[in-house]
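The values are calculated or read from the model by the stated rules, or taken from the named source; none is laboratory data. Predicted, not measured: the structure shown is a model, and the values here were computed from it. In this analysis, Cβ positions are derived from the backbone assuming ideal geometry, glycine residues included, and neighbour counts consider all displayed protein chains. Accessible surface areas use protein heavy atoms only, side chains included; no ligands, DNA or RNA. Shrake-Rupley method; radii C 1.70, N 1.55, O 1.52, S 1.80 Å.
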Amino acid sequence: MDLRERFLLNASTLMKEGVHPSIILSGCQRTDQNNVVLFKRELGEVELCLKLGNSPDKSCDFFYPSTKEGLHTRKVKISSDVVAGKEGLLFVDVLYPENNKNILRAQLQNLITIWGIKKYEMETIEGIAGFIWGDIYEERKVSEGMYVGMINRPGGLISTKILYRALNGAMDYFLKRGVDVTELRRMSDETMKRAALTLTLDENVYPVNLTRRGLGYLPTLFKKLGVSVRLEIPSPWYADLLDVVPFTKDFVQSENLFLLIGEKNEVESALSKGERIGFPSFLIGRTGSREDSSIIVKRK
């Protein structure tokens, strides 16, 4: 069986199991939900919900596209402050579908382990989505003069998107434009391995999981945090691919994208942990007064 036949056969099986075709070819880049929430212990009990299917449900604040319909809820009793998250596979490994359970677990874990939470509970749904929650005992705050770090592989999903579109019938289009399919396969495999990694931070940093929202959320984020910022964002590593992928609108999207804000030594310690497990990590700027204008530029 050649690579294209394998892709088409596995994609068909995944769709029968609940994976929406749009997730296979484009990934899930919905940015309109707050999928990680801090609940105060005074609430006593909270209810998490997740809607699977072709359309959202007004009764639930989180929708994930799927070929299977279903409204899933989970009540959680809390006696301390809790960080809770919900997520669906942001993309799938079509060539090695057995990896998807590990990717889903890592995506769920990363929602809260970057807060230093090591004890948590998790519930997966149909193998494509799930809930996670855990107690948090230390409040993190952001103030003027703090440093900002980023853990990210710019353009990390481009290779997978191009490879899947080529295998889905557009191979000639990419070959005529000089795209090396063997190199794409290597880069995509690299992305999938990194997507199954979990980052746990003990440092006193304010973490933000931007994997779903992307870098476009930065201005809104810092406005909410009450500070301005001056950042230099690293350029994508594979910018040469951009000329042949006009369908890729957000070329800095990554399989994992974390922002860390805190004192310099704490941020640098957290970035070193990212580097050690294979996440490219960068110190990208500092926070300023809320009265100042934020400046976000591409690093030369």
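Here are some values of Rg/Rh (Cα atoms, Kirkwood Rh): (i) 0.95; (ii) 0.97; (iii) 1.12. Which one was computed from this structure?
The value matching this structure is (ii).
Each label point is 7 Å from the Cα along the Cα-to-Cβ direction; what then is the distance between the points at Tyr173 and Arg140, in nm?
Taking the simple label geometry, Tyr173 and Arg140 are separated by 3.9 nm.
Taking amide H atoms as placed 1.01 Å from N in the peptide plane, list the residues 5 or more away in sequence, or in a different chain, whose amide H sits under 5 Å from that of Ile233.
Val297, Lys298, Arg299
Counting only protein heavy atoms and using a 1.4 Å probe, what share of the accessible area of the chain belongs to carbon plus sulfur, as a whole percent?
Accessible surface attributable to carbon and sulfur in the chain totals 48 percent.
So if I place +1 on the C-beta of Lys and Arg and -1 on the C-beta of Asp and Glu, and nothing else carries charge, what would the dipole magnitude of the chain be about its Cα centre? I want it in debye, nearest 20.
Dipole about the Cα centre, nearest 20: 340 debye.
No partner Cβ under 4.7 angstrom, meaning no disulfide-compatible partner by this rule: which Cys of the chain qualify?
If one checks each Cβ against the other cysteines of the chain, Cys28 turn up with nothing under 4.7 Å.
Excluding ligands and nucleic acids, what accessible area in Å² is computed for Asp2 using a 1.4 Å probe, to the nearest 10?
Number for this one is 80 Å².
How would the stretch 69-147 be classified by its alpha-carbon gyration tensor: rounded, prolate or oblate, with rounded meaning a/c under 1.5 and the a/b versus b/c comparison settling the rest?
Oblate is the answer for the stretch 69-147, as a/c is 1.5 or above yet b/c matches or exceeds a/b.
Take the chain, connect every pair of alpha-carbon atoms lying under 10 Å apart with a spring to form a Gaussian network, then pick out the residue of Ile112, Ile125, Ile162 with the largest mean-square fluctuation.
Ile125
At a temperature of 25 °C and a viscosity of 0.890 mPa s, determine how fast the stretch 1-151 diffuses translationally according to Stokes-Einstein, using the Kirkwood radius over alpha-carbon pairs as Rh; express D in µm²/s, rounded to the nearest whole number.
Here the translational diffusion coefficient equals 145 µm²/s.
Determine the relative contact order of the chain: mean sequence separation of Cα pairs under 8 Å and six or more apart, normalised by residue count, in whole percent.
About 21 percent, as a whole number.
Looking at the P(r) of the stretch 31-71, how many percent of alpha-carbon pairs lie beyond 17 Å?
40
Report, by chain and number, residues whose modeled amide H sits under 5 Å from the one on Ile136, excluding near sequence neighbours (fewer than 5 apart, same chain).
Close amide H contacts, sequence-distant or interchain: Asp81, Val82, Val83.
Given the rule -39500 (n - 2.57) for each run of at least 4 DSSP H residues, summed and divided by the residues of the chain, what is its mean residue ellipticity at 222 nm, to the nearest 500 deg cm²/dmol?
Dividing the helical sum by the residues of the chain leaves -8000 deg cm²/dmol.
Give the residue from Val148, Gly169, Val19 lying farthest towards the positive end of the charge dipole for the chain; charges sit on Cβ (+1 for Lys and Arg, -1 for Asp and Glu) and the dipole is referred to the Cα centre.
Of the options given, the answer is Gly169.
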